[in-house]
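Peer 1: Can you read through this structure? Questions will come right after.
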Amino acid sequence: MGIPQSKYPMRKRNLTNPIFTISYTKNKFVSVGCDNYAYLKGLSNDKPFRSVCLSQCESKSDVVNGSCSGIGCCQLEIPGGLKNIIVEANSLDKHVYVWEFNPCGCAFIIREDKFNFSSAYLTTLRNNKTLPVVLAWTIGSEKCDLARNKSNYICGENSLCVDPMYGSGYRCECKKGYRGNPYLDHGCQDIDECKVKGNNNCTSHQKCVNKPGSYDCLCIKDTMRPNLNGYVSPID
């Protein structure tokens, strides 16, 4: 049996970055351990923010793989617009009572779809040097109404300028009916909805005709006639 450390120090990491921020829609704040409480701190609307995640268990058999609801694992959503993020991992009783199967606890931010809790993490997670995180970024510091008039405006043809919900700068996205890279001059290419039936709602009595950004459903000659609602219906 290992011997618990006489002093289990609080670990703190500052995730502030002058260029990128943490995506609040793609990541989760997670605490793993049977003797843990962890803080997620930062600035929200320029006011101090703090949230705590508590994870406890008395034995490894209490832990359920895939569950992160407070028994060996706790997770929280990250509030939108949180800045100057600090993650703190703390121990309630210095892991004295759980040392055999959980000698230390961890707290971290991780890409949500890349994390599935396992009881093995109680001993192995501390060996991980890196974890996947999704960063959020924008172009420049001006919103769309000003950026569109600048010579360095970067959104390409058939794209839209989008203001982020939080923070400064802007992003680009392809218009409806187009797909590709909106940051290239001709990066957004037309989607041919007629090639795949699931991409259009034309009936078997109609011909799908693709056009830039959309499509038309045309009546097939001698098989359709207009009805009172303005729609085409098959000729009996």
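The values are calculated or read from the model by the stated rules, or taken from the named source; none is laboratory data. Just so it is clear, the model here is predicted, and its values are computed rather than measured. Positions of Cβ are generated from backbone atoms using ideal geometry, with glycine treated the same way; all protein chains shown enter the neighbour counts. Protein only, heavy atoms only, side chains kept; ligands, DNA and RNA dropped before computing areas. Shrake-Rupley method; radii C 1.70, N 1.55, O 1.52, S 1.80 Å.
Peer 1: Report the accessible area of ARG148, computed with a 1.4 Å probe over the heavy atoms of all protein chains in place, in Å² rounded to the nearest 10.
Peer 2: Here the accessible area works out near 120 Å².
Peer 1: Also, quick follow-up: Quick check for you: which residues of the stretch 154-184 have the amide N under 17 Å from the point 7 Å beyond the Cα of VAL196 toward its beta carbon?
Peer 2: 174-181
Peer 1: How large is the direction-averaged shadow of the alpha-carbon convex hull of the stretch 12-136, in nm²?
Peer 2: The orientation-averaged projected area of the Cα hull of the stretch 12-136 comes to 7.2 nm².
Peer 1: Considering the chain as a Gaussian network with a 10 Å cut-off on Cα pairs, which listed residue, THR124, THR25, THR138, attains the greatest mean-square fluctuation?
Peer 2: Top of the fluctuation ranking is THR124.
Peer 1: At a threshold of 8 angstrom on Cα-Cα distance, excluding pairs fewer than six apart, so keeping six or more, what relative contact order does the stretch 138-190 reach in percent?
Peer 2: Averaging sequence separation for qualifying contacts and normalising by length gives 36 percent for the stretch 138-190.
Peer 1: Please state, as a whole number in µm²/s, the translational diffusion coefficient that the Stokes-Einstein equation yields for the chain at 20 °C and 1.002 mPa s, with Rh defined as the Kirkwood radius across alpha carbon pairs.
Peer 2: It comes out at roughly 97 µm²/s.
Peer 1: When the chain is modelled as a GNM with alpha-carbon springs shorter than 10 Å, which of PRO48, PRO79, PRO164 fluctuates the most?
Peer 2: Per the Cα network of the chain with a 10 Å cutoff, PRO48 tops the list.
Peer 1: From the cross-link list LYS26/LYS175; LYS150/LYS211; LYS26/LYS94; LYS83/LYS175; LYS60/LYS83, which pairs have alpha carbons spaced over 26 Å apart?
Peer 2: Those over the limit are LYS150/LYS211; LYS26/LYS94; LYS83/LYS175; LYS60/LYS83.
Peer 1: Here's another thing I want to ask about it. Only Cα pairs under 8 Å and at least 6 apart count here; give the relative contact order of the chain as a rounded whole percent.
Peer 2: Relative contact order of the chain: 16 percent.
Peer 1: For the stretch 138-190, just the Cα set please: Rg and Dmax, both in angstrom.
Peer 2: So, for the stretch 138-190, Rg and Dmax equal 10.6, 31 Å respectively.
Peer 1: Same structure again: Taking the alpha-carbon distance from LYS207 and a cut-off under 20 Å, which lysines remain once sequence neighbours fewer than 8 residues away in the same chain are dropped?
Peer 2: LYS207 reaches LYS195, LYS197, LYS221.
Peer 1: For Cα pairs less than 8 Å apart in space and 6+ apart in sequence, what is the mean separation divided by the residue count of the stretch 12-136, i.e. the relative contact order in percent?
Peer 2: 36
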